[in-house]
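Novice: Could you have a look at this structure, given as structure tokens, before my questions?
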Amino acid sequence: MQVIIRDTMPQASVWAARYIVEKINAKAAVSDKPFVIGLCTGSTPIETYAELIRLYKAGKVSFKNVVSFNMDEYVGLPVEHPESYHSFMHHYLFDHIDQPAENIHILDGNAPDLDAECAAYEKAIEAAGGFDLFLGGVGEDGHIAFNEPFSSLQSRTRVITLTRETREINSRFFDGDPEKVPAQALSVGVATVMGAKEVVVLAFGSKKARAIKDAVEGPISHYCTLSALQNHPAGIIVCDEPAVGELKVNSYRYFKATE
Ligand code: GLP
């Protein structure tokens, strides 16, 4: 695992966006096959998406041959709800780039058969050739996508019941009322994310410091599902300074020196 540390969130976001663009362009140079990317929502990736849009507008990258799968979506929230992850992705990324609509995949939290929806999503990822890169965030309790503590590290896309803590944290987008946050979500599993050739996780702010400490220095454990990244051959966590505030001095120095 590599930990990239930048002083500030905007600097770390620029690093992540440029890394993704390099990967898209590197594949396009040698293959006609699409670049398959996993995408996340939340406040964390907003600046990374803004930099991807800037790079697209500057002619540095095209998303015409990019296929994306988002990692999660609330159950029962109308697609047009401003806090649905459908709305989020269009607002912060898809409306501003040239990615064809048919290449965009987001789980349908209103599907009549949620289990069938999840199974079909896994099949579609496989049919697309699997992920070249998965971009993720992390919850304060170390969850990746919506894989709450004690999710199996072998889990695949499925229906998840959100913890009270996650609903309270996400209530900032729902008038501060945890009851308005849907109780369930659809989410790719830990194994779905770890199946990507590369995994890039963003973590910003001191609120994420405990999760980063657990994921980087703790044991691989379902208690902190991001810790599964320790077993991944190409895992990168991109942080600002506050997010690495709880790492041991030696760990911090190691990652700074080896970058
Ligand atoms: C939610 C999402 C995660 C996201 C996390 C962190 O729980 N399901 O994918 O990583 O929130 O959100 P934020 O980036 O707003 O801190």
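Novice: Could you check how many residues of segment 46-66 are among the β-branched types (V, I, T) and either modelled with pLDDT under 95 or within 15 Å of the chain's Cα centre (by Cα) (or both)?
Specialist: Count: 2.
Novice: Suppose the filter is within 14 Å of the ligand (Cβ to nearest atom) and surrounded by fewer than 17 Cβ atoms within 10 Å (Cβ to Cβ); does S43 pass it?
Specialist: Yes: the conditions hold for S43.
Novice: Name the residues in segment 126-148 that are buried (at least 17 other Cβ atoms within 10 Å of the Cβ) and assigned to a loop (DSSP other than H, G, I, E, B), would you?
Specialist: A128, F131, D132, G137, V138, G139, D141, G142, H143, A145, F146, E148
Novice: Additional query: Could you list all residues from segment 54-77 that are surrounded by fewer than 19 Cβ atoms within 10 Å (Cβ to Cβ) and polar (S, T, N, Q)?
Specialist: Matches in segment 54-77: S62, N65.
Novice: What number of residues within segment 84-95 are part of a helix (DSSP H, G or I) and either without any contact (Cβ under 8 Å) to a residue 12 or more places away in the chain or over 15 Å from the mean Cα position of the chain (by Cα) (or both)?
Specialist: Qualifying residue count, segment 84-95: 5.
Novice: Only one of E198, E259, E241, E246 is within 12 Å of I5 (Cα to Cα), modelled with pLDDT of 95 or more and among the acidic types (D, E). Can you tell me which?
Specialist: That would be E241, the only listed residue that is within 12 Å of I5 (Cα to Cα), modelled with pLDDT of 95 or more and among the acidic types (D, E).
Novice: Just to verify a result, which residue in segment 174-195, among those that are under 14 Å from the mean Cα position of the chain (by Cα) and surrounded by fewer than 24 Cβ atoms within 10 Å (Cβ to Cβ), is nearest to F150 (Cα to Cα)?
Specialist: Here the residue is A191.
Novice: Now, a different point. Which one of these does D98 not meet: (1) in contact (Cβ under 8 Å) with a residue 60 or more places away in the chain; (2) out of contact with any strand residue (DSSP E or B) (no Cβ under 7 Å at 6 or more places or on another chain); (3) away from the ligand (no atom under 16 Å from the Cβ); (4) not in a helix (DSSP H, G or I)?
Specialist: All conditions pass for D98, except number (1).
Novice: Do you know which residues across segment 207-242 are of a type in the set (S, T, N, Q) and more than 14 Å from P149 (Cα to Cα)?
Specialist: Q230, N231
Novice: For segment 169-208, give me each residue that is within 13 Å of the ligand (Cβ to nearest atom) and basic (K, R).
Specialist: Hits for segment 169-208 are R172, K207, K208.
Novice: Name the pairs whose Cβ atoms lie under 7 Å apart, with the first residue in segment 203-230 and on the phi < 0 side of the Ramachandran plot and among the charged types (D, E, K, R), the second in a loop (DSSP other than H, G, I, E, B) and buried (at least 19 other Cβ atoms within 10 Å of the Cβ), and 6 or more positions between them or separate chains?
Specialist: As it stands, the answer is K208/V138; K213/L247; D214/G142; E217/L247, since those pairs meet every condition given.
Novice: Here is a further query. Which pairs have Cβ atoms under 6 Å, sit 6 or more apart or on different chains, and link a residue in segment 182-202 that is part of a strand (DSSP E or B) to one that is of a type in the set (D, E, K, R)?
Specialist: A185/D72; L186/E73; S187/D72
The values are calculated or read from the model by the stated rules, or taken from the named source; none is laboratory data. All of these numbers come straight from a predicted model, not from anything done at the bench. All Cβ positions, glycine included, derive from the backbone under ideal geometry; neighbour counts span all protein chains shown.
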